[in-house]
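Engineer: This is the structure I have questions about; it appears just below.
The values are calculated or read from the model by the stated rules, or taken from the named source; none is laboratory data. Quick caveat: nothing in here was measured; it's all calculated off a predicted structure. For neighbour counting, all protein chains shown are included, and Cβ atoms are generated from backbone atoms with ideal geometry for every residue, glycine included. Heavy atoms of the whole protein, side chains included, go into the accessibility calculation; ligands, DNA and RNA do not. Shrake-Rupley method; radii C 1.70, N 1.55, O 1.52, S 1.80 Å.
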Amino acid sequence: YSPADLLRSKRRAESSLAALAACIKLMVKPRIWTGKADVVKAATKIASQWVVVCSENDWAALGWNETDKACPWMPISGSLESFGIDLFVGDAWFEQRHSEMDLDDGDGEYPGASEGDSELDATMEEGKDSNENANVKIDFDEGDNILISDTETEQKPNLDDNAGSLSFHGLCKALLEQAFQSSSSQISAALADDVLPYRASCLACLSDLLRILSNIPTMTESLLKYQVDLYRMVAPAFLPVVGKEMFAEANEKSSATEPPLIIAKCLDCLASAFWKGIGNDVNGNHPEEETVSLSGILRSVGGSKQPAWTVRESSVLCAASLASRCSVSCLRNHRLIDNFLESSKHALRDRKFWKVRVAGLQLLLTLVGRAGDATASGGGSSSVFTMTTATPPSVVDANKKEKQLALETLLPHKETILQLARSSLTDNESKVTALASDVINAMVWWP
């Protein structure tokens, strides 16, 4: 990389960090106004562009050429230090905020607050009234010359020197707190109709962030631990909303009835938070990771007594995510398989909303995908556990064993799955019949 490329990458990272700081500053204020949801979406989109880059320590993309230490202007950090305490790395903002900040005061402290932010506020105000440079053409060649000439005289970005990178878990916790306010006065306000779209937007953004983390191609042991800690942080807030009768004592917020939209978004967040291997907690210290209980909750919330079709769809899709990521030892529990099949049956009985039926077939396709396909004996598979050519032989052997165990578990339910899939071949919706065909096709090689 040339000096101009590195400097351009550095400016891009610094600008992203400054934009994140400005968005977070507005987001954490307790007041809710029209357009605040757009601020949350902007912060999420900016952060999502840097998650993979920062998780893989791609220093060149950050404009940092010293590999022996971390980049100081990294937009987002995945450090496990001060988990659930920091919003920006090292600020212990959640502890200070709950002990010092008055939630009723919209002008309280915000992350990275400093004298330099007054200049940032002034710049933002000036941008509202000044459009004199809107039609000026950009000379990229001249811009490169300016970048090179400014290498030695470069100034630091307009941020607090003590404010580090935005913490990924801190952003997730901030979105969670925006969706579920911690004070009783804010809970009553959160049930108002004008606040509902904002809460749903916060949960949707949280789901997007968790899904990006789950889809990172290179899964390391530290990243897996990070996913587990994130799930243990967010699950206690969602499970009382989704399974009120089972977790009512765990969270006092469950006493309030949440709108169906919020319940559906909570289910989406749970589906995104599951990690590969969930259910391996042999000590039973974390009941929120017990897969049979989770599948029972999803079966209940999406049952025939649920009037909201969005909740029914989200519950079945959440069950599909659980089926794809639970450990093979948990999958061999027939109670778990029965709950999955009952959830699919409830979804396929819905003759009014085809998206619910699609979700039911997606759950079946995920289940049969755990057993691999006709080439499973050669290591190939169309499931989410497909191995790459660079996978070590020991991992490939373990993957084959998992598929074999999954097949042995699902074989007693073969006729039930085929019956459910065949009943959907005559559906009026083409997407339903296509998925039903995929399910049957994935099972043609089964003994």
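Engineer: Filter the stretch 411-427 for residues that are free of Cβ contacts under 8 Å to residues at least 60 places away in the same chain and open to solvent by 80 Å² or more (accessible area, probe 1.4 Å) and give the result.
Structural biologist: The answer is Glu415, Gln419, Arg422, Thr426.
Engineer: Starting from the stretch 18-33, take each residue that is closer than 18 Å to Pro75 by Cα and list its partners that are surrounded by fewer than 21 Cβ atoms within 10 Å (Cβ to Cβ) and at pLDDT 90 or above, counting only C-beta distances under 6 angstrom and pairs at least six apart or across chains.
Structural biologist: What qualifies is Ala19/Ile46; Leu20/Ile46; Cys23/Val39; Cys23/Ala42; Leu26/Val39; Met27/Val39.
Engineer: Now a separate question. With the structure loaded, tell me whether Val234 is part of a helix (DSSP H, G or I), at pLDDT 90 or above and open to solvent by 10 Å² or more (accessible area, probe 1.4 Å) or whether it fails that test.
Structural biologist: no
Engineer: Step by step: first the residues of the stretch 428-440, then only those that are within 31 Å of the chain's Cα centre (by Cα) and not hydrophobic (A, V, I, L, M, F, W, C), then the one that is most open to solvent (accessible area, probe 1.4 Å). Which residue is that?
Structural biologist: Result: Lys431.
Engineer: Which of (1) closer than 18 Å to Asp229 by Cβ; (2) modelled with pLDDT of 90 or more is the odd one out, the single condition His286 does not satisfy?
Structural biologist: (2)
Engineer: Tell me whether the stretch 345-356 contains one or more residues that are out of contact with any His (no Cβ under 9 Å at 6 or more places or on another chain) and closer than 22 Å to Ala235 by Cα.
Structural biologist: No, the conditions are met nowhere in the stretch 345-356.
Engineer: Which residues, counting only those in the stretch 345-375, are open to solvent by less than 20 Å² (accessible area, probe 1.4 Å) and either out of contact with any helix residue (DSSP H, G or I) (no Cβ under 7 Å at 6 or more places or on another chain) or at pLDDT below 90 (or both)?
Structural biologist: Gly372
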